[in-house]
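Every read-out reported here was derived from the displayed coordinates using simple, explicitly stated rules and does not represent laboratory data. None of the values given here were measured: they were computed from a predicted structure. Here Cβ is always computed from backbone atoms with ideal geometry, including for glycine, and neighbour counts include all displayed protein chains.
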Amino acid sequence: MSGRVSLLGLTLSLTCLLAGAAAAQDPTPAPLPVERPTDQAPAVDEATEPDDALPPPSTPGLAIRARVFGLVGFQTFTAADSFSAVLGTSSGVLPGGGAGLLFGRHLFVDVSVARFSADGSRVFIADGGEIIDLGIDTTVAVTPIDVSIGWRFAGRPALNPSGRPRLRPVPFVGGGFGFQQYEETSAVSAAGDDVSESHGSYHALGGVELPFTRRLGVSADVLYRWVPDALGTAGVSAYYDETDLGGAQVRLRLVFNF
């Protein structure tokens with residue numbers, strides 16, 4: 001009986017030793033490392049990624065904008081002796097206005113109208129060149145209507161440091177055609193003494209625009225107008241042999257762009 005007990009104890013001891021060895025040789029596997037996200041952004045291929053700082057491509061086509069303007073001009077007439085004899089001056093102020101179209105940044109078409117009016121007196125020129133005042137009050141009015149076509153030397157739009165469009169002076173040149181109304185009226189006159197005639201004209205101009213905003217600005221220009229064969233058929237202008245009713249005009253315009 002004691003021998004069986006010893007054998008049973010030995011068997012239990014061996015079983016315990018084998019179980020411990022197996023547990024020591026088969027440990028529980030360690031967990032795999034976990035990758036943590038970092039704050040560093042992934043690399044970007046600059047050759048293929050679009051640059052948000054660049055402006056979007058321009059839309060094809062020609063932008064057309066309308067504009068209106070008021071103007072005031074100062075003109076010196078070519079027929080200086082004739083105007084001076086009747087009015088006492090050969091120059092004067094011409095208020096007016098107009099409208100036009102801008103085709104893109106460069107081409108423009110404008111239509112303008114202005115009016116000069118001054119009071120004087122009818123005169124007679126004696127053979128010796130003496131100016132005799134007839135004492136008849138008279139009013140002389142000149143109304144030029146001009147169609148101008150020109151070119152603006154405007155550069156590409158640029159942005160200032162604040163991100164707004166940079167406004168720069170824009171020189172321009174042009175020329176065109178039109179007609180001019182000449183009127184001479186008196187309160188007391190015989191039949192045929194008053195004059196109301198229209199004559200064709202052509203002109204050249206050049207100046208500079210100065211924008212205040214994208215819509216509002218001013219421009220200054222010099223316009224020279226030719227009105228041939230408008231005078232010189234009778235009266236004072238025939239004596240002085242002056243036939244051109246044009247002249248040089250300096251204009252200042254206040255422009256509003258739509």
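Remarks
- Geometric descriptor of the range 64-257, per residue, is 112 Å³ (volume of the convex hull of the Cα atoms).
- Computed on the range 64-257, with alpha-carbon pairs under 8 angstrom and 6+ residues apart, the relative contact order is 22 percent.
- Annotation for Phe258 and Arg166: the two label points, set 7 Å from Cα along the Cα-Cβ direction, are 3.1 nm apart.
- Furthest towards positive pole of dipole, Ala248, Ala80, Gly155, structure part the range 64-257, Cβ charges: Gly155
- The residues neighbouring Val255, those whose beta-carbon lies less than 14 Å from its own, together hold a net charge of +4 under the Lys/Arg +1, Asp/Glu -1 convention.
- In this label model, Ser189 and Arg65 are separated by 4.5 nm, measuring between points 7 Å along each Cα→Cβ vector.
- Other residues within the sphere of radius under 10 Å centred on the Cβ of Arg215, judged by their own Cβ, net out at +3 (K and R +1, D and E -1).
- Rounded if a/c under 1.5, otherwise prolate or oblate - the range 68-180, Cα gyration tensor axes: prolate
- Charge tally around Thr89: other residues with Cβ under 14 Å, Lys/Arg +1 each, Asp/Glu -1 each, net -2.
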